[in-house]
Amino acid sequence: MTFLTSQQGKQVRQMRTKKKNEKVAYHTLHFICSLTKALRPKEKMSVSDWADKHMVLPGGSNKAGKFRSDSVPYQKEIMNAITDSAVTEVTVMSSAQIGKTTIVLCGIAYYIEHEPSTQLLVLPTLSLGEKFSKTRLAPMIRDIPVLRDKIAPAKSKDSDNTILFKQYAGGYIVVSGANSAASLSSMPIRVVWMDEVDRFPASAGGEGDPVTLAQKRATTFWNKKYIKTSTPTTENGRINKEYLKGTQEEWCVQCPCCGMYQPYSFKRVDFNIVGMKCEYCGEVIEEKYWKESEHMWIAAHPERKNKRSFHLNAMASPWVAWSDIIDEFQGAMDEFKTYHDTERLQAFVNTTLGETWKEDEVAEESTTEDKLLERAEHYKGEIPEGVLLLTAAVDVQDNRFEVEVKGWARDYESWGIHKTEIYGNLETSQVWDELEEYLETTFRFEDGRELNIAAFGIDTGGHHTNRVYKWIKAMKKKGKKAYGIKGYAGKPDIPLLYKRSKVEIKEKSRDGKRDIVVDSTTIWILGVDAGKENITNWLTIEEKGEGYCHFPNNVGKGYDREYYKGLLSEKKIKKKVRGVVKDVWVKKSGARNEPLDLFNYNLAVCELLRPVWSDLELKISKGINYTKAVKKVRKQRKSTKGLSI
């Protein structure tokens with residue numbers, strides 16, 4: 001052991017006293033404090049806790065200013081699920097106007113400031129991504145000091161911070177579009193946000209499902225997060241499928257009367273008192289008392305802890321009044337009943353109720369064979385009053401012609417005039433002569449005024465195609481308005497009158513071994529799916545006038561139950577074709593679809609004629625049969641106006 005002398009001890013004491021009196025430089029002290037702060041573990045905090053402490057909603061939001069999670073209680077559990085270590089996927093299927101975007105923004109901000117991570121935000125298109133970054137993300141960063149300190153204002157020349165890429169200490173956020181495969185690739189990502197996934201294209205630039213591509217960015221992270229949000233579309237939509245895979249949690253409200261919890265349901269809304277009927281006690285309670293009652297999330301599958309899925313509709317929103325929801329529904333239903341236009345009704349179901357659209361259910365409720373039979377009318381003449389134009393359609397079968405004559409007026413109001421069959425051997429001339437004779441029939445109104453068939457269309461797609469071509473050519477030479485028709489099915493994007501096509505007429509060579517081209521004619525290619533869409537809608541219209549379909553109950557007209565069964569023989573379904581979900585028309589089991597085809601062909605002929613209805617009304621009122629057969633064959637002229645004489 002070494003001992004200090006008295007002199008050495010005195011020197012040590014002097015040195016210690018001197019160091020105590022020395023001042024520490026500011027920058028040294030600042031460095032030590034910053035280092036201490038950086039090394040100090042952050043307090044445990046959920047997204048909702050962070051939002052209550054820091055979040056500021058920009059102007060234009062439902063409730064701009066300082067965020068408070070207790071003002072919109074259903075958002076809190078969704079936010080907390082995102083940061084739950086036991087949860088990998090969070091799915092929100094909801095209506096609009098419930099603050100879904102606020103949840104996404106709060107989550108993004110949390111992973112910028114409190115738990116810095118790499119993030120990817122995917123929107124349906126790259127242009128929507130740019131818009132979101134400019135109008136929602138940038139204002140949030142600007143208005144919240146703890147974010148503003150981490151991310152500098154965007155500069156086009158600064159690769160660390162652009163509109164679509166923002167870097168901060170510990171991570172970055174990439175804003176991308178589901179239509180751009182390049183924006184979904186290359187970078188490792190821990191947190192993947194996907195907003196409005198039901199509006200994503202089926203493939204990202206031909207390179208595959210954008211959801212799959214986005215999620216692959218996070219494969220290597222043990223603590224990865226996938227958050228999907230969207231208003232739904234159909235049962236086959238992405239968001240509905242993801243919701244069904246998860247806990248299926250509903251935002252439930254306690255009945256103020258019996259105390260039982262239940263989800264908000266528009267089906268139980270009483271329009272008169274603007275209230276909802278309790279699912280359990282049957283009491284009808286006003287909106288105010290429901291919204292003031294206790295709420296909680298109730299899961300159908302709480303055991304699926306790794307995948308939390310939530311559903312709620314606009315009835316739970318503090319910003320939407322039930323009276324407005326009722327008005328929106330009634331407006332959509334009025335349009336549906338009058339015109340069978342389902343667009344507004346589907347928008348209501350998807351964006352207000354947050355539910356999937358079921359086209360088949362609506363179609364089945366719209367019209368039936370019985371309804372069409374019940375509403376059939378007794379015609380006093382062969383042609384009822386109101387008809388301005390007659391067309392005919394011919395469907396060629398192996399042993400017969402199916403023929404229907406239709407009456408038309410403005411705005412596609414239609415009348416079934418006569419449906420018949422002409423049987424015979426289609427390889428002989430006799431049955432074709434009978435068809436020609438029938439199409440020359442003169443039909444009469446009750447008062448004796450006459451009208452003939454203005455034009456007719458005949459199907460060319462059967463087993464007698466070349467024979468049909470020859471007959472069309474012959475009819476045109478006689479000066480008749482004869483249209484050859486070929487339907488393109490499975491092509492919903494093309495119009496009914498798609499295009500004209502020149503076809504060859506052939507005959508056998510003398511030795512019977514070859515087909516020789518001897519002539520040609522022109523036919524029309526029809527987008528029959530477009531016609532079926534219109535016809536199906538018109539059949540459900542209940543008020544006479546625009547689009548209404550009249551049918552006779554007179555004996556011998558050909559409009560029996562089998563006819564209506566054929567008219568309703570097809571339905572539109574969603575089907576995956578080569579990886580893409582498409583609308584496809586399919587025939588119902590056991591039904592013959594000739595009546596639907598004939599209606600479609602008649603509609604095409606009516607459109608080809610482009611009637612000038614005011615001129616036809618004047619002719620009919622004067623008793624002029626403007627379609628009376630003319631014996632002298634005249635050269636046809638093309639009219640820019642359409643059929644008027």
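The values are calculated or read from the model by the stated rules, or taken from the named source; none is laboratory data. Just so it is clear, the model here is predicted, and its values are computed rather than measured. Here the Cβ positions follow ideal geometry from the backbone for every residue, glycine too, while neighbour counts run over all protein chains shown. For the accessible areas, the whole protein counts, side chains as well, though only heavy atoms, and no ligand, DNA or RNA atoms are used. Shrake-Rupley method; radii C 1.70, N 1.55, O 1.52, S 1.80 Å.
Answer with yes or no whether T247 is at pLDDT below 95 and either among the hydroxyl-bearing types (S, T, Y) or touching a helix residue (DSSP H, G or I) at 6+ places or on another chain (Cβ under 8 Å) (or both). Can you show your working first?
On the way: at pLDDT below 95: no; either among the hydroxyl-bearing types (S, T, Y) or touching a helix residue (DSSP H, G or I) at 6+ places or on another chain (Cβ under 8 Å) (or both): yes.
Spelling it out, it is not the case that T247 is at pLDDT below 95 and either among the hydroxyl-bearing types (S, T, Y) or touching a helix residue (DSSP H, G or I) at 6+ places or on another chain (Cβ under 8 Å) (or both).
Can you pull out the strands (runs of 3 or more DSSP E) entirely within segment 108-219 that have at least 1 residues that are free of Cβ contacts under 8 Å to residues at least 40 places away in the same chain?
Details: elements: 119-123, 165-168, 171-177, 191-195.
Output list reads 165-168.
Give the number of residues within segment 327-346 that are outside any helix (DSSP H, G or I), open to solvent by less than 40 Å² (accessible area, probe 1.4 Å) and not hydroxyl-bearing (S, T, Y). Can you show your working first?
From segment 327-346, those outside any helix (DSSP H, G or I) are 340-342; that's our starting set.
So of that shortlist, the ones also open to solvent by less than 40 Å² (accessible area, probe 1.4 Å) come out as 340, 342.
Checking which are not hydroxyl-bearing (S, T, Y) leaves us with 340.
Summing the residues that are outside any helix (DSSP H, G or I), open to solvent by less than 40 Å² (accessible area, probe 1.4 Å) and not hydroxyl-bearing (S, T, Y) in segment 327-346 gives 1.
Could you list, in sequence order, all residues of segment 116-151 that are modelled with pLDDT of 90 or more and acidic (D, E)?
E130, D143
Identify, by number, the condition in (1) under 25 Å from E542 (Cα atoms); (2) part of a helix (DSSP H, G or I); (3) open to solvent by 30 Å² or more (accessible area, probe 1.4 Å); (4) not polar (S, T, N, Q) that D324 doesn't meet.
(1)
How many of the residues making up segment 119-130 are open to solvent by 10 Å² or more (accessible area, probe 1.4 Å) and under 20 Å from I144 (Cβ atoms)?
So the answer is 0.
Scanning segment 508-540 for residues that are farther than 30 Å from D341 by Cα, of a type outside the set (D, E, K, R) and outside any strand (DSSP E or B), which turns out most open to solvent (accessible area, probe 1.4 Å)?
Initially, segment 508-540 is screened for residues farther than 30 Å from D341 by Cα, giving 508-523.
Adding the requirement that they be of a type outside the set (D, E, K, R) leaves 509, 512, 516-518, 520-523.
From the residues that got through so far, the ones that are outside any strand (DSSP E or B) too are 509, 512.
On the way: S509: 11, G512: 43 Å².
If we take residues in segment 508-540 being farther than 30 Å from D341 by Cα, of a type outside the set (D, E, K, R) and outside any strand (DSSP E or B), then G512 is most open to solvent (accessible area, probe 1.4 Å).
Could you tell me whether any residue of segment 433-450 is closer than 14 Å to K628 by Cα, open to solvent by 10 Å² or more (accessible area, probe 1.4 Å) and touching a Lys or Arg at 6+ places or on another chain (Cβ under 6 Å)?
Looking for residues that are closer than 14 Å to K628 by Cα, open to solvent by 10 Å² or more (accessible area, probe 1.4 Å) and touching a Lys or Arg at 6+ places or on another chain (Cβ under 6 Å), one finds at least one in segment 433-450, hence yes.
Just for strands (runs of 3 or more DSSP E) wholly inside segment 347-463: which have at least 2 residues that are aromatic (F, W, Y) and farther than 30 Å from T229 by Cβ? Can you show your working first?
Working: elements: 389-396, 400-408, 414-423, 442-444, 450-452, 455-459.
Qualifying strands (runs of 3 or more DSSP E): 400-408, 414-423.
I'm trying to understand the selection: among the residues of segment 182-199, which are farther than 21 Å from R308 by Cβ, modelled with pLDDT of 90 or more and buried (at least 16 other Cβ atoms within 10 Å of the Cβ)?
First, pick out the residues of segment 182-199 that are farther than 21 Å from R308 by Cβ: 182-188, 199.
Filter once more, so that each one left must be modelled with pLDDT of 90 or more: 188, 199.
Across segment 182-199, the qualifying residue is only R199.
What is the number of the single condition among (1) modelled with pLDDT of 90 or more; (2) surrounded by fewer than 20 Cβ atoms within 10 Å (Cβ to Cβ); (3) within 20 Å of the chain's Cα centre (by Cα) that K216 does not meet?
Against the list (1) modelled with pLDDT of 90 or more; (2) surrounded by fewer than 20 Cβ atoms within 10 Å (Cβ to Cβ); (3) within 20 Å of the chain's Cα centre (by Cα), K216 comes up short only on (3).
If you take the residues of segment 164-174 that are in contact with a strand residue (DSSP E or B) (Cβ under 7 Å, 6 or more places away or on another chain) and under 14 Å from A109 (Cα atoms), which of them is most open to solvent (accessible area, probe 1.4 Å)? Spell out the reasoning first.
Applying the first criterion (in contact with a strand residue (DSSP E or B) (Cβ under 7 Å, 6 or more places away or on another chain)) to segment 164-174 yields 164-167, 171-174.
Applying the additional criterion that residues be under 14 Å from A109 (Cα atoms) yields 166-167, 171-174.
On the way: K166: 11, Q167: 78, G171: 7, Y172: 35, I173: 1, V174: 21 Å².
Only one residue tops the list, namely Q167.
Answer yes or no: is there a residue in segment 541-551 that is assigned to a strand (DSSP E or B) and either in contact with a strand residue (DSSP E or B) (Cβ under 6 Å, 6 or more places away or on another chain) or open to solvent by 10 Å² or more (accessible area, probe 1.4 Å) (or both). Walk me through how you get there before you give the answer.
Here is the first cut: in segment 541-551, the ones assigned to a strand (DSSP E or B) are 549-550.
Narrowing the set further to residues that are either in contact with a strand residue (DSSP E or B) (Cβ under 6 Å, 6 or more places away or on another chain) or open to solvent by 10 Å² or more (accessible area, probe 1.4 Å) (or both) leaves 549-550.
Looking through segment 541-551, at least one residue is assigned to a strand (DSSP E or B) and either in contact with a strand residue (DSSP E or B) (Cβ under 6 Å, 6 or more places away or on another chain) or open to solvent by 10 Å² or more (accessible area, probe 1.4 Å) (or both).
Restricting attention to segment 230-239, does a residue exist that is under 31 Å from the mean Cα position of the chain (by Cα), within 21 Å of D324 (Cβ to Cβ) and either outside any loop (DSSP other than H, G, I, E, B) or touching a residue at least 60 places away in the same chain (Cβ under 8 Å) (or both)?
Yes, that holds for at least one residue.
Among the candidates E113, E77, single out the residue that is out of contact with any Pro (no Cβ under 7 Å at 6 or more places or on another chain) and open to solvent by 40 Å² or more (accessible area, probe 1.4 Å). Even if it seems obvious, please write down each step before you answer.
Details: E113 fails: open to solvent by 40 Å² or more (accessible area, probe 1.4 Å).
None of the other options fit; the residue is E77.
Tell me, which residue of segment 552-576 that is open to solvent by less than 10 Å² (accessible area, probe 1.4 Å) and touching a helix residue (DSSP H, G or I) at 6+ places or on another chain (Cβ under 9 Å) is farthest from Y379 (Cα to Cα)? Write out each step before concluding.
Taking segment 552-576 as the starting set, the residues that turn out to be open to solvent by less than 10 Å² (accessible area, probe 1.4 Å) are 552, 563-564, 566-567, 569.
Next, only the ones that are touching a helix residue (DSSP H, G or I) at 6+ places or on another chain (Cβ under 9 Å) stay: 563-564, 566-567, 569.
Values: Y563: 18, Y564: 18, G566: 22, L567: 20, S569: 26 Å.
Ranking the candidates gives S569 first.
Within segment 286-328, track down each residue that is of a type in the set (V, I, T), at pLDDT 95 or above and under 23 Å from F348 (Cβ atoms). Give the steps one after another, and end with the answer.
Kept after step one, since they are of a type in the set (V, I, T), are these residues of segment 286-328: 298, 320, 325-326.
From the residues that got through so far, the ones that are at pLDDT 95 or above too are 298, 325-326.
I325, I326 - these are the residues of segment 286-328 that are of a type in the set (V, I, T), at pLDDT 95 or above and under 23 Å from F348 (Cβ atoms).
Do you know which of the residues in segment 83-107 that are among the β-branched types (V, I, T) and either assigned to a loop (DSSP other than H, G, I, E, B) or surrounded by 24 or more Cβ atoms within 10 Å (Cβ to Cβ) (or both) is farthest from the chain's Cα centre (by Cα)?
Taking segment 83-107 as the starting set, the residues that turn out to be among the β-branched types (V, I, T) are 83, 87-88, 90-92, 98, 101-104.
Within this subset, residues satisfying the condition of being either assigned to a loop (DSSP other than H, G, I, E, B) or surrounded by 24 or more Cβ atoms within 10 Å (Cβ to Cβ) (or both) are 83, 87-88, 90-92, 98, 103.
Working: T83: 32, V87: 30, T88: 29, V90: 23, T91: 20, V92: 18, I98: 20, I103: 24 Å.
The qualifying residue farthest from the chain's Cα centre (by Cα) is T83.
Look at Y412 and say whether it is on the phi > 0 side of the Ramachandran plot and surrounded by 15 or more Cβ atoms within 10 Å (Cβ to Cβ). Talk me through it step by step, then tell me what you get.
On the way: on the phi > 0 side of the Ramachandran plot: yes; surrounded by 15 or more Cβ atoms within 10 Å (Cβ to Cβ): yes.
Yes: the conditions hold for Y412.
Does any residue in segment 583-605 that is exposed (fewer than 14 other Cβ atoms within 10 Å of the Cβ) come within less than 9 Å, Cβ to Cβ, of a residue that is of a type in the set (V, I, T) six or more places away or on a different chain, and which pairs are these?
Hits for this filter: V586/I573.
For segment 243-302, name all the residues that are part of a helix (DSSP H, G or I) and open to solvent by less than 80 Å² (accessible area, probe 1.4 Å). Spell out the reasoning first.
Step one: of segment 243-302, the residues part of a helix (DSSP H, G or I) are 243-245, 266-268, 287-292.
Y243, F266, R268, E287, W290, K291, listed by residue number.
List, please: which pairs have Cβ atoms under 7 Å, are six or more places apart or on different chains, and start with a residue in segment 482-507 that is surrounded by 13 or more Cβ atoms within 10 Å (Cβ to Cβ) and end with one that is of a type in the set (A, V, I, L, M, F, W, C) and part of a loop (DSSP other than H, G, I, E, B)?
The qualifying pairs are Y488/I494.
Give the residue, chosen from G448, G457, that is free of Cβ contacts under 8 Å to residues at least 24 places away in the same chain and under 30 Å from E546 (Cα atoms). Break it down into steps so the answer makes sense when it comes.
Values: G457 fails: free of Cβ contacts under 8 Å to residues at least 24 places away in the same chain.
Exactly one of G448, G457 is free of Cβ contacts under 8 Å to residues at least 24 places away in the same chain and under 30 Å from E546 (Cα atoms), namely G448.
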